[in-house]
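As structure tokens, the structure follows; a few thoughts come after it.
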Amino acid sequence: MKKNKTRTLLVCFLFFQLIVIQLMASFPGVIEIYYSKGIYPYISQFLRGSLGWISFSVGDLLVFTLLFLAIRSLLKLAKKRTTLKNTLLNGLAWTSVLVFFFYINWGLNYFRVPLSEKLNYPIREYSVHELEKLSQLLVEKTNQLQVEITGKDSLKVLVPYSYSELYKMAPKGYSALQFKYPFLDYQTPAIKNSLMSTFQSYIGIGGYLNPLSGEAHVNTNYLKTSAPSTISHEMAHQIGYAAENEAEFIGFLASSHHPDPYFNYSGYKNALMHCVNEIHRRDTVVFNRLLKQLNTGIKKDMQDGRALSLKYKNPLEPYVKKGYNLFLKSNNQKEGIKSYSRMVLFLINYYTENETLIKKEPIFDKKDSLEATFH
């Protein structure tokens, strides 16, 4: 009887939570002051301090445990050892507990004051010309870094560090941002190899933050040249920036300001891919022209990335992405999964602040073509 009463209360509490969360989404200033800048830093530091020293992912083990319990519950239902009503009530009760800890531990950051307001960046539609100028800058910078690292424009960048070394190095990028962006302070690292890397590869995820444990996870099956950017992105989530476009931009700032050239290359390459993919949607001629200018070594890197995507391509991935798209939209990200690409507007605003970094003259004076495309 006591178990049934507790379960019923948890189910009622679930619906109460969902209503409160939607109401709180209308008060970003309150969330910013009392949660994101108030209690969240203490929760985050506690979780990372408690679990960061452990070499393996506690969060992944928790996920495995929850999956085991869910499968066991379904098997009991299939064997008619329980009723459908009982299974649904148990599931809703557990969902209530998970929703509570998700939003308390991290999820309320979805509703904080947007990063664009902190940086005083206007939200606007940018022109194709602005996108061309930015993309040209990123092409030149990525080419330059690739040659500096390899010595030849035809050689691929090969990251010489282990993943554990990358995790130890990553905070230096955030340290370099402290003077200009003091609100991007990062302390107490907790970055780990994902125990679910193969599964993440099949659903197209390079990394994730476990909000229940505060640990950042990296898919070690992905391109290693993309790992520094992914790590920096997940660290942005850890310090409370939940929106994907914001985490992408902060990850770019951290990796591009890092003292190590491999982090720089990873950050600029990721930003470049966002920009050329956006150009591809708007003007394929300009897209081909830009790719024509990329060093052969960078194209080989992109080809490796495409080969990995094809290797793990499966019919379930689109459905997983649709689910994630709905999740993001329900958490104040109207663009859903397209939020990642919205970091281009951050980049345009950022480089508009530093106009000396953007060439003033026309970018293209002749038509080129490229048979192969990467997107």
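No value in this document is a laboratory result; all are computed from the given coordinates. Note that the structure is a prediction, hence the values are computed from the model and not measured. All Cβ positions, glycine included, derive from the backbone under ideal geometry; neighbour counts span all protein chains shown.
Observations on the structure shown:
- Loop-resident GluC sites (Glu not before Pro) (DSSP state other than H, G, I, E or B) in region 90-146 with no more than 13 further Cβ atoms inside 10 Å of their Cβ: E125.
- Compared with the dominant Cα axis of the chain, that is its longest principal axis, helix 343-353 is turned about 50°.
- Angstrom value of the Kirkwood radius, inverse mean 1/r, which spans all Cα pairs in region 75-174: 20.3
- Value in Å of the Kirkwood radius, where region 1-109 supplies the Cα pairs that are averaged: 16.3
- The fewest-to-most ranking of F68, F252 by surrounding Cβ atoms within 10 Å reads F68, F252.
- The trypsin sites (Lys or Arg not before Pro) of region 129-208 meeting both criteria, a DSSP state outside H, G, I, E and B (loop) and at most 13 other C-beta atoms within 10 angstrom of the site's C-beta, are K152, K180.
- Members of K224/K300; K152/K311; K79/K313; K76/K313; K85/K322 lying beyond 23 Å, as alpha-carbon distances in this model show: K152/K311; K79/K313; K76/K313; K85/K322
- Nearest-ten-degree value, helix 244-256 long axis tilted from longest Cα axis of the chain: 50
- Its Cα gyration tensor gives the chain an equivalent ellipsoid; the semi-axes, largest first and in whole Å, are 39, 23, 21.
- Values of log10 I(q)/I(0), in the order q = 0.15, 0.16, 0.23, 0.28 Å⁻¹, for region 161-227 under a Debye, Cα-only, solvent-free model: -0.54, -0.61, -1.04, -1.22
- Value at 222 nm in deg cm²/dmol, rounded to 500, when DSSP H runs of n ≥ 4 in the chain each add -39,500 (n - 2.57): -19000 deg cm²/dmol
- Region 217-268 shape via C-alpha gyration tensor axes, a/c threshold 1.5: oblate
- In degrees, nearest ten, helix 84-105 long axis to first principal axis of the chain (Cα): 50
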